[in-house]
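What follows is a single structure, written as structure tokens, with notes after it.
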Amino acid sequence: MARLLPIERVEATVWAMVPSFLLYAVVALWCFHEPRALRAATWVWGSALVVGLTLWLLGVRT
């Protein structure tokens, strides 16, 4: 999200971190609620791979 915001790098980083805390809390609560650990691990690792690939394709913001 910080790479897509049209503001300064530092401000974009801060604004991108704000919703990430909520997202991490929701994912952590869901992982503890999910009865199957393999399903939780698959979703977490799968989404991490998708986000990582997306960031790699976006490249470095200059």
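Among residues of the stretch 16-33 that are part of a helix (DSSP H, G or I), those with a Cβ under 6 angstrom from a residue that is open to solvent by less than 90 Å² (accessible area, probe 1.4 Å), sequence gap 6+ or separate chain, pair up as 16/2; 31/40. Given the criteria on the phi < 0 side of the Ramachandran plot, assigned to a loop (DSSP other than H, G, I, E, B) and either surrounded by 10 or more Cβ atoms within 10 Å (Cβ to Cβ) or modelled with pLDDT of 85 or more (or both), does residue 40 qualify? Considered against the rule, which asks whether it is on the phi < 0 side of the Ramachandran plot, assigned to a loop (DSSP other than H, G, I, E, B) and either surrounded by 10 or more Cβ atoms within 10 Å (Cβ to Cβ) or modelled with pLDDT of 85 or more (or both), residue 40 comes out as no. Return yes when residue 58 is among the aliphatic types (A, V, I, L, M), in contact (Cβ under 8 Å) with a residue 24 or more places away in the chain and open to solvent by 70 Å² or more (accessible area, probe 1.4 Å) and no when it is not. For residue 58, the condition - among the aliphatic types (A, V, I, L, M), in contact (Cβ under 8 Å) with a residue 24 or more places away in the chain and open to solvent by 70 Å² or more (accessible area, probe 1.4 Å) - is met.
The values are calculated or read from the model by the stated rules, or taken from the named source; none is laboratory data. Remember, it's a predicted structure, so these values are computed and weren't measured experimentally. Cβ atoms come from the backbone with ideal geometry, glycine included; neighbour counts cover every protein chain shown. The protein model used for the area step is the full one, side chains on, heavy atoms only, and it has no ligands, DNA or RNA in it. Shrake-Rupley method; radii C 1.70, N 1.55, O 1.52, S 1.80 Å.
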